[in-house]
Amino acid sequence: MNHFITLADTPLEDMNHILDVAFDLRAQRRAGQINAPVLAHKTLAMISEKPSLRTRVSFEQAMLELGGQTIVMGDFDVGLGKRESPADVARVLSGIVQGIVARVFEHQKLLDMAAHATIPVINALSDFSHPCQALADAMTIRDEFGRNLQGRTLAYVGDGNNVARSLAVLCARVGMNCILASPKGYELENGLPRRLANQAPDVVCKVVNDPHEAVANADVIYTDTWVSMGQEAEAAKRAAAFADYQVNEQLLAESPSHSIVLHCLPAYRGKEISAGVLEGPRSRVFPQAHNRLHAQKGLLAVLMGGM
């Protein structure tokens, strides 16, 4: 594995190895031990076209705890695809630093960088995929239900977006059923669930329009903002379309009593999720956010540190 662009491109054994390393590094940290400086004298260049909290802090802290350092650049600094082409940026950085993390609008920019970089390129978010978030989600779900997730069910309620796409792939990889509930016109493309079902015939992966159907047998209920960055002009239209897709106390009551709630944040209380559910006893949203650090450490230790 040279890059980390999508989960679909990442071999299962590599994904599991990253998670194993992440859990080991987390256990060391929780025991008060200092992680080995496997990234000593290495620098990660971070390029972000979008605002960032969890992504920036988790990658910077991950590099710090593994002995490395970061150079953070915003869109104004780089002008990715405007001032300089993604290919040229990748070729320049490949001779100066040891890794690239990019948080972009268009997924193609990541593909162009990966095609021309001789150092690892990591997708910190694109309009197509959010694989780093999915790694943290996998850790959080395993924290709750153990390593063997065969037969468990994840219900995603909301927009068929980059997060939903990454979750569907993750579920197929770990043997979980995945039910994606979205309003008509906002569903995840049907081709992906069909492909995943062919790859993992024992796993149910389907798109539905009824959130009540989705959560009926769910072990995990997951939601995301209805309006992603770059979609602000559609906010009113989307609010109307998603009005019946809020993860609230009433919807949660229709799920098994052991089910947990996840959200990749930022959360808009009273819209995609109620404040009572987000702050309630079945929410694992903030441990999920904390796992971004540990997932990033596992990823960087493997890609840049050779663990």
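The values are calculated or read from the model by the stated rules, or taken from the named source; none is laboratory data. The structure presented is a predicted model; accordingly, all values stated were derived computationally and were not measured. Every residue, glycine as well, gets a Cβ built from its backbone with ideal geometry; the counts of neighbours run over all protein chains shown. In case anyone asks, the SASA skips ligands and DNA or RNA and just uses the protein heavy atoms, side chains included. Shrake-Rupley method; radii C 1.70, N 1.55, O 1.52, S 1.80 Å.
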Hey, can you tell me all the residues within segment 179-238 that are open to solvent by 10 Å² or more (accessible area, probe 1.4 Å) and of a type in the set (Ser, Thr, Tyr)? 186, 225, 228
How do the pairs read when you match residues in segment 1-16 that are touching a residue at least 40 places away in the same chain (Cβ under 8 Å) with residues anywhere that are part of a loop (DSSP other than H, G, I, E, B), using Cβ under 6 Å and keeping only pairs 6 or more apart or on different chains? 3/120; 6/129; 14/1
Can you run down the residue pairs with Cβ atoms below 7 Å, 6 or more apart or on separate chains, where the first is in segment 281-307 and modelled with pLDDT of 95 or more and the partner is among the basic types (Lys, Arg) and part of a helix (DSSP H, G or I)? 289/54; 292/54; 294/26
What residue, of 94, 85, 58, is hydroxyl-bearing (Ser, Thr, Tyr) and closer than 30 Å to residue 188 by Cβ? 58
Given the conditions (1) modelled with pLDDT of 95 or more; (2) closer than 24 Å to residue 266 by Cα, report the number of the one that residue 35 does not fulfil. (2)
For segment 257-280 the number of residues that are without any contact (Cβ under 8 Å) to a residue 40 or more places away in the chain and closer than 27 Å to residue 64 by Cβ is 0
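Table: residues versus (1) closer than 19 Å to residue 137 by Cβ; (2) touching a residue at least 60 places away in the same chain (Cβ under 8 Å).
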residue	(1), (2)
161	yes, yes
167	yes, no
188	yes, no
191	no, no
196	yes, no
Those residues that are open to solvent by less than 70 Å² (accessible area, probe 1.4 Å) and out of contact with any Ser or Thr (no Cβ under 8 Å at 6 or more places or on another chain), I need them from segment 61-83; list them, please. 61, 62, 65, 66, 67, 78, 79, 80, 81
Look through segment 1-60, keep the residues that are among the acidic types (Asp, Glu) and not in a helix (DSSP H, G or I), and return whichever of them is least open to solvent (accessible area, probe 1.4 Å). 49
Does any residue in segment 216-245 that is part of a helix (DSSP H, G or I) come within less than 6 Å, Cβ to Cβ, of a residue that is surrounded by 17 or more Cβ atoms within 10 Å (Cβ to Cβ) six or more places away or on a different chain, and which pairs are these? 235/227; 238/226; 238/227; 241/183
Checked segment 239-260 for anything within 17 Å of residue 210 (Cβ to Cβ), among the small types (Gly, Ala, Ser) and surrounded by fewer than 16 Cβ atoms within 10 Å (Cβ to Cβ); matches are 243, 253
Do we have residue 98 as over 16 Å from the mean Cα position of the chain (by Cα), touching a residue at least 24 places away in the same chain (Cβ under 8 Å) and closer than 30 Å to residue 77 by Cβ here? yes
